[in-house]
Amino acid sequence: MTRLQLLRRLVSIQRVLVKYGLDELIGSSHLLRPARLLFRLSPSGWRGPQLDQPRGVRIRLAIEELGPIFVKFGQSLSTRQDLLPPDIGRELTRLQDEVPPFPAEQALAEVERSFGQPASQLFASFAHDPLAAASIAQVHAARLHSGEDVVVKILRPNVHELVRRDLDVMYALARLAERWWPESRRLRPVGIVAEYEKTILNELDLLREAANATQLRRNWLGSPLIYVPQVYFDYCRKSVMVMERIHGIPIDDMDALKAAGVNIPRLAANGVEIFFTQVFRDNFFHADMHPGNIFVDATNPEYPRYAAVDFGIVGSLSERDSRYLAGNFMAFFERDYYRVAKLHVDSGWVPAGTRVDELEAAVRTVCEPIFSKPLKDISFGHVLLQLLSIAQRFDMVVQTQLILLQKTLVQVEGLGRVLYPDLDIWQTGKPVLKAWMRDQTGPRATLRRLRRDWPDLRYALEKLPLVARKLVDAELEREVTGPASQAESEIEPAVALSRYLVGVGGTLVIAAVLWLGLETEPRWVAWAGGAAGLLSLWFGRPKI
């Protein structure tokens with residue numbers, strides 16, 4: 001973007017801000033101090049009738065008028081409730097990503113450009129009226145020549161250029177904020193825009209979304225809880241994605257759900273189970289679970305099944321983070337604040353030098369009031385938000401994946417409690433957490449890790465003789481006064497010892513695998529194998 005184009009876009013943004021009276025907010029917060037004069041010179045005719053609305057409402061309306069990319073950014077920012085004033089945070093969660101559809105002719109032209117052939121050769125039929133239209137893409141119903149009913153998701157024309165333009169503007173504003181508004185540095189405006197840039201650019205790659213959908217489908221194939229539609233990869237490109245068309249009741253259509261006789265309490269509880277299973281069992285979760293992306297298959301109303309769409313945003317926690325997060329939840333609800341603090345330090349979420357007792361006191365101060373409510377009224381999302389907020393006060397660098405998780409957890413809880421206000425999130429999620437933690441600490445988990453890490457462990461063991469030789473060589477270089485024969489005599493025992501250690505390590509690993517892996521065979525087989533190995537190692541130990 002040239003400077004002239006940037007200036008024009010900034011002027012158009014200025015006009016919207018003035019219209020909603022946000023120039024006064026900017027002046028009072030010292031943000032964009034050099035631009036104050038420009039706002040004062042703005043024509044009075046720019047001011048709109050919405051000036052008597054609350055601050056949060058005016059900010060939301062302005063973002064919606066600035067266009068779809070700013071709406072997406074506002075939705076992303078709404079997940080950072082730890083950084084936002086409550087009134088602004090609440091309004092940002094109401095942002096709607098709804099825009100007029102683009103003509104079907106442009107959609108068909110994009111299909112032809114992507115595949116190098118007319119849409120009629122790909123589809124037996126193609127509905128010109130879109131099923132849905134959003135800021136990034138729109139969706140059309142179609143049918144393949146082989147007879148399958150599908151939906152075709154197509155990126156909006158010139159969306160890459162529009163995204164790049166507004167990202168440049170956001171970066172310019174963020175840099176100005178960090179320069180002229182010292183209070184903003186704690187919020188890291190440039191870092192927030194950078195996080196958003198990654199998210200929005202990922203959404204512009206429909207092949208990536210197709211891969212996400214396929215992974216989720218594989219994780220839940222055959223499940224009675226949720227259905228993920230099939231992707232037709234032969235019909236997918238970076239700007240076009242084709243997947244199975246599904247039918248269901250929108251999750252927020254309570255009248256239709258009741259009319260279909262759906263077991264609402266079971267549906268709400270299943271949603272919580274799905275979320276915790278995705279996070280802890282699969283380490284791969286749908287991170288955009290707003291009502292527009294979730295449907296209900298009421299074929300069997302007593303046992304309803306979810307159906308999900310739109311897989312542009314997914315999250316994934318490392319095995320380590322999943323373990324610490326589960327431990328944090330369990331410790332929190334057991335009111336073991338020392339363990340919560342210790343887990344924060346052990347996980348690396350706060351600096352290693354953090355005093356555990358100080359962190360424990362901070363956790364207790366914030367979390368004890370939460371327990372004044374009944375357990376069923378405690379929000380998991382609020383708990384996670386509080387834990388992240390405390391950690392930030394102790395210099396935690398918040399990871400994007402944890403923020404995605406917190407946002408998704410809030411969405412899941414919101415959906416669950418709209419469906420069934422008496423839903424007890426903790427009692428529903430606790431069995432999943434406990435089962436997962438047992439699976440992570442039991443013999444099977446140890447065996448899985450041994451099998452997974454065995455190639456690396458074997459490689460490290462094989463390198464021990466070389467490491468020992470290098471250590472001896474380094475030591476001999478410092479003791480150059482000794483004769484060559486002495487060097488040789490010192491090297492050989494070290495090499496022999498290292499080979500012996502390889503054998504010890506290998507024997508112990510094999511014994512462990514036998515012990516953990518034999519579930520139907522007698523245990524004496526493992527004991528005998530281990531004892532024989534250790535005896536051979538004893539008699540074969542090097543004479544040093």
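The numbers here are math on the coordinates, done by the rules we state, and not lab data. Just so we're clear, the structure is a prediction, and the values are computed from it rather than from any experiment. Neighbour counts run over all protein chains shown; Cβ positions are idealised from the backbone, glycine included.
Using a simple spin-label model with pseudo-atoms 7 Å out from Cα toward Cβ, residue 422 and residue 346 lie 3.8 nm apart.
Using r as the Cβ-Cβ distance of residue 128 and residue 2, and R0 as 51 Å, what FRET efficiency do you calculate, to the nearest 0.05? E(calc), rounded to 0.05, equals 0.85. Between residue 439 and residue 52, how high is the FRET efficiency from 1/(1 + (r/R0)^6) when r is the Cβ-Cβ distance and R₀ = 41 Å? Nearest 0.05. Between residue 439 and residue 52 the formula returns 0.15. Residue 302 sits among other residues whose Cβ lies under 15 Å from its own Cβ, and their net charge, with Lys and Arg +1 and Asp and Glu -1, is +2. Under 17 Å of direct C-alpha separation, and excluding same-chain neighbours fewer than eight residues apart, residue 198 reaches these lysines: 72, 238, 407. Hey, how much of the P(r) for region 99-246 falls beyond 19 Å, as a percent of Cα pairs? Counting every Cα pair in region 99-246, those more than 19 Å apart make up 60 percent.
Taking other Cβ atoms within 10 Å as a rough exposure proxy, 324, 306 sort from fewest to most as 324, 306. Neighbours of residue 110 by Cβ distance under 13 Å: Lys/Arg scored +1, Asp/Glu scored -1, total +3. Relative to the current alpha-carbon distance between residue 370 and residue 252, full extension at 0.36 nm per residue lengthens the span by 39.7 nm. A simple spin-label model places pseudo-atoms 7 Å from Cα toward Cβ; at residue 194 and residue 273 they are separated by 4.2 nm.
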